[in-house]
Amino acid sequence: MGHTEGKPRNQELDVARYEDAHRSSLSDPDGFWLRAAEAIDWERAPTRALDATRPPFYRWFSDGRLNTCHNALDRHIDAGHGDRTALIHDSAYTGERCSFTYAELRDEAARFAGALRGLGVGAGDRVVIYMPMVPQAVVAMLACARLGAIHSVVFGGFAPKELAARIDDAGPKVVLSASCGIEPGRIIEYKPIVDEALALAAHRPDAVVVLQREQSRADLRKDHVPWVELDWDELTAGAEPADCVPVAATDPLYVLYTSGTTGRPKGVVRDNGGHAVALAWSMSAIYDIGPGDVWWTASDVGWVVGHSYIVYAPLLIGATTVLYEGKPVGTPDAGAFWRVIAEHGVKALFTAPTALRAVKKVDPGAGLLAGHDLSGFRTLFLAGERLDPETYQWATDTLGVPVVDHWWQTETGWPVAANLRGLEPMPIKPGSPTVPVPGYDVRILDETGKETERGGEGAICIKLPLPPGTLPTLWGDDQRFVDSYLSRFEGYYLSGDGGYLDEDGYLFVMGRMDDVINVAGHRLSTGSMEAVLAAHPAVAECAVIGVKDRLKGQVPRGLVVLKAGADIGPEQLRDELVAAVRSEIGPVAAFKDVDIVAGLPKTRSGKILRKSMRSIAEGREEPVPSTIEDASVLDALRPVLRPGTD
């Protein structure tokens, strides 16, 4: 394979500003994306970008061949950058810090790829990775990519039933795990979870490989199971390094199962070619990050954010990526994020608004920021939950850098709407992730499929074809892909979120369409009401859910968590919040019920579980989502949401 030196060439496009870039990406996708593809090394360069021969199953760079691991590691070494730091691991739980140069990370990935090859793993085989936030998780992903194998990372700590469902769907040849994960104040034993999952699953892997952590070592069984159990370090020690295996651009790189699914899980497929091109383009165009910059995504490798922006995107462009094992608060305090930024010289941070709200709740005056040198910090990027204006303002005032919201999904793999800081920074409008990213033809459709006028709310849809890097289908189920995303409006991808485009073309995402409630015939967004509640100076975070009402059909109900030290009585707060909603949204909202609660139930990625709260309020007993971070929070809310229960 050849190699590309220096900054990815996507900033050398003929189109230099947003409007021209967006127009070009839609009118001439072949020209636009073939130019972007020059930033990637190809074993066989593609001659066309878009393959539209089998709609709605569009593919990208279908005649190209490449290897993603080569592009993430080897080519930077070939260009003379092997001594540049590729990965920094920072564990707030263990106090361990370590880093890997590009050469060192390549050697680790090549050796582990050789170990996997020794277990019979080759191109197209699946490997399930069930690991905590340790460097070996990144090594495992890159090793799979090196062989052309397909990895499926399952968030460490998922229950056995959920892991079993993913094992059965993916059919892995090997399962990779660790002896334990670490959470604040507790150790989570992974090996018993894996054992139970394999007992539940119909599929049998050839091998289970376990990384032993000193916090709790696992017993490896030598018999009585139809697979071999191997120690990670022992297996790797004697392995011969493996070279990169070129694959078709359309071959899968990974399968990632969407969280919270019931029944057969929904496996989002990510291909090699489109993924590499889109992510490399996004790092400089959206995030303004280039080779050698230190970039930190505070997420988990088990989520799409971790796949795209902890592992692949920063390495594809030769940046330094931070892998953080810890929380925004409690490890040890609400200054943890500021420590990591200062200690490692982070230029930009990408995290969820939930993380900022957690910090703001504990340390509203940002006293813990003192003593940390953030002079090299340039931008804070947020996504994953709606960024309320109050949190936006707090972060902006606290950090003194641009606070940039953007919006995307597991299915898209990279941002749909963003403020493109490297291509053309645009004015920030609090509450909006700014504008559709080049490649995405975003439309707002009403219930009949007609496009709304500017400012009119509706379903956020993307006109086909979706750009490179987005899902081409679901694993093993083309029909489910069509039924889930493409059947509501012909020729469009249905995002499942509602919102509107304003007169400037800025997108406003108001929340899941399930969170639009019908109050006496009026369709109202609970996200709009949450924005009003979040603006109150005593409120740290909030949620609004719609509950059934005999007279109006549905009525909104508010739940708020107070900031540390907030001094306000429940009645006064209720009156002020009700008055604010009445003023901002109108009496039509029929907003009257507000409760102060200790916490809101969330997934491990920080999303508030509104559907779970709604089901409790309406007396429906549904299973507790497997993605929940702390089930006790939901239990504590039961007597509040449904008085008389406990």
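The values are calculated or read from the model by the stated rules, or taken from the named source; none is laboratory data. What you see is a predicted model; the values in this text were computed from it and never measured. Ideal geometry is used to build each Cβ from the backbone, glycine not excepted, and the neighbour counts take in all protein chains shown.
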*Find the residue count for the stretch 292-348, including only residues that are of a type in the set (Asp, Glu) and more than 20 Å from the chain's Cα centre (by Cα).*
3
_Going residue by residue through the stretch 150-173, is there one that turns out to be modelled with pLDDT of 95 or more, outside any strand (DSSP E or B) and of a type in the set (Val, Ile, Thr)?_
yes
_Condition first: out of contact with any Cys (no Cβ under 9 Å at 6 or more places or on another chain) and within 30 Å of Glu325 (Cβ to Cβ). Now tell me which residues in the stretch 568-607 satisfy that._
Val597, Ala598, Gly599, Pro601, Lys602, Thr603, Arg604, Ser605, Gly606, Lys607
*Does Ala276 satisfy the criteria of being closer than 25 Å to Thr412 by Cβ and more than 15 Å from the chain's Cα centre (by Cα)?*
yes
*Of the residues Arg421, Arg443, which is assigned to a loop (DSSP other than H, G, I, E, B), at pLDDT 95 or above and surrounded by fewer than 24 Cβ atoms within 10 Å (Cβ to Cβ)?*
Arg421
_Checking the structure you have, find out if any residue of the stretch 96-104 is crowded, with 18+ Cβ neighbours inside 10 Å and of a type in the set (A, V, I, L, M)._
no
*What are the residues in the stretch 368-384 that are surrounded by fewer than 22 Cβ atoms within 10 Å (Cβ to Cβ) and at pLDDT below 95, if any?*
Ala370, Gly371
*Which members of the stretch 325-347 meet the condition of being farther than 13 Å from Glu183 by Cα and touching a residue at least 60 places away in the same chain (Cβ under 8 Å)?*
Ala336, Val340, Glu343, His344
_Residue check, Gly431 out of contact with any Gly (no Cβ under 7 Å at 6 or more places or on another chain) and either of a type in the set (Ser, Thr, Tyr) or within 24 Å of Leu609 (Cα to Cα) (or both)_ = yes
*Considering the stretch 608-622 alone, what residues qualify as being assigned to a loop (DSSP other than H, G, I, E, B) and either surrounded by fewer than 20 Cβ atoms within 10 Å (Cβ to Cβ) or more than 25 Å from the chain's Cα centre (by Cα) (or both)?*
Glu618, Gly619, Arg620, Glu621, Glu622
*Return yes or no: is Gly326 farther than 24 Å from Ala159 by Cα and of a type in the set (Gly, Ala, Ser)?*
no
*asked:* Which count do you get for residues in the stretch 531-546 that are over 24 Å from Ile616 (Cβ atoms) and out of contact with any Asp or Glu (no Cβ under 6 Å at 6 or more places or on another chain)?
replied: 3
*Please work out which one of (1) in contact with a Lys or Arg (Cβ under 8 Å, 6 or more places away or on another chain); (2) buried (at least 17 other Cβ atoms within 10 Å of the Cβ) is the condition Gly120 fails and give its number.*
(2)
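The rows are residues; the columns are (1) out of contact with any strand residue (DSSP E or B) (no Cβ under 6 Å at 6 or more places or on another chain); (2) within 28 Å of Tyr485 (Cβ to Cβ); (3) among the aliphatic types (A, V, I, L, M); (4) not in a loop (DSSP other than H, G, I, E, B).
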| site | (1), (2), (3), (4) |
| --- | --- |
| Leu34 | yes, yes, yes, yes |
| Asp41 | yes, no, no, no |
| Pro55 | yes, yes, no, no |
| Asp63 | yes, yes, no, no |
| His70 | yes, no, no, yes |
| Leu73 | yes, no, yes, yes |
| Ala86 | no, no, yes, yes |
| Ala113 | yes, no, yes, yes |
| Arg117 | yes, no, no, yes |
